[in-house]
Structure formats: structure tokens, C-alpha cells
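Notes to accompany the following structure.
Please treat every number below as a calculation from the coordinates, not as lab data. As the structure is a computational prediction, the values presented were derived from the model and not from experiment. Because the Cβ atoms are built from the backbone with ideal geometry, glycine has one as well, and the counts that use them run over all protein chains shown.
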Amino acid sequence: MAKTDTRVLTAHVPVLLAEKVDQIAARLERSRGWIMKQALSAWIEQEEERTRLTRDATQSQIATSTPMSMSHRCCEPRRMVETTPTPVIDSVPNNQLYSSHRMLYGTIKSIL
């Protein structure tokens, strides 16, 4: 099998999460690194899907005849300025906003 190039990534995680990773690794007879690779791969897949869905939604909104935008302050639709040549979504509704570290943390917790 060909050896692939690798890089070391370091992250500080809560002690309880690290202990759960250790427990799962022991139970599955896998290394802690293997567990982390699985979690990171799942998170990246989830992020790529979220990006694709956002792009599709943006393209769908641009294709509509009435330009609308979602305000990040109150999630109320508001009409865009009529002089804008192409509608632009200036934010995603609050319930769809996730910080990357929270999503990764959630992915790791779900694996455990």
C-alpha cells in the first residue's frame, strides 16, 4: 500500500471529550488518531454538503423574479434596493448559522 503524506493537527478539547475519545478508541481497538480522522472526515463531509446546499439555495433565490434577502438581525424578509443588478443573500437565517468548531465538536460527540 502506498504511503500518503500526512500533517499533524493539534487541538485543545475538553477533558471529558478527550476521555470519551480514549474510551471509544479502547473499545474499538483503534488509535485515538483513527477516531479523530473519522470525526474530522465526517465533519468535512457535513461542511461540504452545507456549502453545496447554501450555494444551491443562493442560485435558486437569484433565479426568482422578486429579489428578497434575509436580514441577519431578525430573519424577516426585506426587499432589496431596486438598483441592485443581482440579488445577494447577505446572511443565512440564525437557525442555520453554526460555527465550525461547534459543528466539529458535535460531530465528535455523535461518533462517541
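Remarks
- Segment S60..R27, full-extension length gain: 7.3 nm, with 0.36 nm per residue of separation and the alpha-carbon distance subtracted.
- Charge tally around I44: other residues with Cβ under 14 Å, Lys/Arg +1 each, Asp/Glu -1 each, net -1.
- When the GluC sites (Glu not before Pro) in the stretch 1-70 are filtered for DSSP coil states and for at most 11 other beta-carbon atoms within 10 Å of their beta-carbon, the remaining sites are E29.
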